[in-house]
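Peer 1: I have a structure I would like to understand better, so I am pasting it below and will then ask my questions one at a time.
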Amino acid sequence: DDIPKKKQKKIASSEIQLPFVEKYRPKRLEDLVAHDDIISILTKFIDNDSLPHLLFYGPPGTGKTSTIVAAAKRMYGGSAAYSSMALELNASDARGIDTVRNQIKEFAGTRQLFNKGIKLIILDEADAMTNDAQFALRRIIEKYTKNARFCLICNYVSKIIPALQSRCTRFRFSPLSRDQIRDRLCDVARQEDCNISEGGIEAILSLSGGDMRRVLNLLQSTAMSFETIDETSVYLTSGAPLPSDIDTITNSLFNDDFVKAYENLITMCSTKGYAMADILTDLTTIVTTMKLPSGVLADLLDGMSNIEYRLAYGTDEKIQGASLVGVFIKARHLIQVA
Ligand SMILES: Nc1ncnc2c1ncn2[C@@H]1O[C@H](COP(=O)(O)OP(=O)(O)OP(=O)(O)O)[C@@H](O)[C@H]1O
Ligand SMILES: [Mg+2]
């Protein structure tokens, strides 16, 4: 009981800490940091009561689910209205033909005595729906257009049958730009009192690939295991190879003899716990920007992609590592001949 008041409060609040991705999920449409055009069109649709059926698609962590949830809040206001007027179905729910028929029919078919307006049916991860279910949905969408709107969300639009696509207005969610991520990341870091350096921000940006969920998860897990969030701690947390280590490996592959280069590579992998596949990915980025003679580069990339393919089949990392060194030695030979 000697703990000062202030400290007590801090402990209590940290006990129920939510994952950052939920804690900082945008609550209103205005809070989303990207896709201004999509947000403004949606806002107009909602404010004019002219919402069409929607199809959101794009890579993970770009705000598709957040956008539709925020849109639904704008449409229905309070949470009580939201729960009676919006139905969310996920891929984790059974999504055979019967679910689609029964659940949606039941929801869309019942009239609301007190709530006016149209209902919203959100089918998240719609690309996991079976083709039969998608065909069934075609008819259901038409039948209930009078009192319900559908929002289909998926990563791969090609997995949605064309007949469904043509019934919806499509919106593509592109990966977030570095600036958009940076602003949001700095905001969250400030609110969470994180001690983050410029190097840490850059590292998170590089590793995110435009996925805001990844950004927040990386920030949170780094903050949990390190005092300061800098380049090293971010890379250590993510398990991705440090850029300086990749430089060392690249140097060795282009300059040392076979045995030395192989030893360096294997030592690096075992002491730092890097996966060969991650190293290959980073090496690819580096060699493609190195202005090598195009014949040499083609050969090098062909060799590396073969190794990547074999690694994906669970082959021995050491043997593939040796093969990687071999590919580079061959490339060096080609450069000398050229
Ligand atoms: N445009 C954005 N503005 C602000 N935060 C965002 C944005 N996009 C994503 N986020 C953050 O990332 C998290 C994940 O976003 P969301 O669940 O909307 O992604 P998604 O596009 O539905 O991804 P998935 O395809 O994997 O379902 C959110 O909780 C939110 O914190
Ligand atoms: Mg989602």
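The values are calculated or read from the model by the stated rules, or taken from the named source; none is laboratory data. Bear in mind that the values here come from a model prediction, so they are computed numbers and not experimental data. Because the Cβ atoms are built from the backbone with ideal geometry, glycine has one as well, and the counts that use them run over all protein chains shown. Only protein heavy atoms, including side chains, enter the accessible area calculation; ligands, DNA and RNA are left aside. Shrake-Rupley method; radii C 1.70, N 1.55, O 1.52, S 1.80 Å.
Peer 1: Select from the stretch 288-297 the residues that are open to solvent by 40 Å² or more (accessible area, probe 1.4 Å) and within 16 Å of His333 (Cβ to Cβ) and list them in ascending order.
Peer 2: Pro293, Gly295
Peer 1: For residues that are on the phi < 0 side of the Ramachandran plot and within 9 Å of ligand 2 (Cβ to nearest atom), tally how many sit in the stretch 49-61.
Peer 2: Matching residues across the stretch 49-61 total 2.
Peer 1: Let me spell it out: the conditions are (1) at pLDDT 95 or above; (2) open to solvent by 50 Å² or more (accessible area, probe 1.4 Å); (3) under 29 Å from the mean Cα position of the chain (by Cα), and Met304 meets all of them except one. Which number is the exception?
Peer 2: Unmet condition: (2).
Peer 1: Separate question: Can you list the strands (runs of 3 or more DSSP E) lying wholly within the stretch 106-174 that have 1 or more residues being within 15 Å of ligand 1 (Cβ to nearest atom) and among the β-branched types (Val, Ile, Thr)?
Peer 2: Output list reads 119-123, 148-154.
Peer 1: Of the residues in the stretch 91-149, how many are within 16 Å of ligand 2 (Cβ to nearest atom), open to solvent by less than 30 Å² (accessible area, probe 1.4 Å) and at pLDDT below 80?
Peer 2: Looking only at that region, the number is 1.
Peer 1: Quickly run through the stretch 28-54 and pick out the residues that are assigned to a loop (DSSP other than H, G, I, E, B), near ligand 1 (Cβ under 10 Å from one of its atoms) and open to solvent by 20 Å² or more (accessible area, probe 1.4 Å).
Peer 2: Scanning the stretch 28-54 gives Leu32, Val33, His35.
Peer 1: Any residue at all in the stretch 276-287 that's closer than 23 Å to Asp245 by Cβ, of a type in the set (S, T, N, Q) and surrounded by 12 or more Cβ atoms within 10 Å (Cβ to Cβ)? So that I can check it myself, show each step before the final result.
Peer 2: Of the residues in the stretch 276-287, the ones closer than 23 Å to Asp245 by Cβ are 276-287.
From what is left, the residues that are of a type in the set (S, T, N, Q) are 281, 284-285.
If we keep only those that are surrounded by 12 or more Cβ atoms within 10 Å (Cβ to Cβ) as well, we get 281, 284.
Yes - at least one qualifying residue is present in the stretch 276-287.
Peer 1: Kindly list, by first and then second residue, each pair from a residue in the stretch 315-337 that is small (Gly, Ala, Ser) to a residue that is assigned to a helix (DSSP H, G or I) and open to solvent by 50 Å² or more (accessible area, probe 1.4 Å), limited to pairs with Cβ atoms under 6 Å and residues at least 6 apart or on different chains.
Peer 2: Close Cβ pairs satisfying both conditions: Ala322/Tyr262.
Peer 1: May I ask you to list pairs of residues, at least six apart or on different chains, whose Cβ atoms are under 7 Å apart, with the first in the stretch 19-32 being in contact (Cβ under 8 Å) with a residue 40 or more places away in the chain and the second being of a type in the set (Gly, Ala, Ser) and within 14 Å of ligand 2 (Cβ to nearest atom)?
Peer 2: Close Cβ pairs (under 7 Å, with a partner that is of a type in the set (Gly, Ala, Ser) and within 14 Å of ligand 2 (Cβ to nearest atom)) amount to Arg25/Ser66; Pro26/Ser66; Pro26/Ala70; Lys27/Ala70; Arg28/Ala70; Leu29/Ala70; Leu29/Ala71.
Peer 1: Let me ask something else. Six or more apart or on different chains, Cβ atoms under 6 Å: show the pairs whose first residue is in the stretch 56-67 and closer than 10 Å to Leu32 by Cβ and open to solvent by 20 Å² or more (accessible area, probe 1.4 Å) and whose second is of a type in the set (Gly, Ala, Ser) and part of a loop (DSSP other than H, G, I, E, B).
Peer 2: Final answer for the pair search is none.
Peer 1: Which of the residues spanning the stretch 175-200 are away from ligand 2 (no atom under 16 Å from the Cβ) and outside any helix (DSSP H, G or I)?
Peer 2: Ser177, Glu192, Asp193, Cys194, Asn195, Ile196, Ser197
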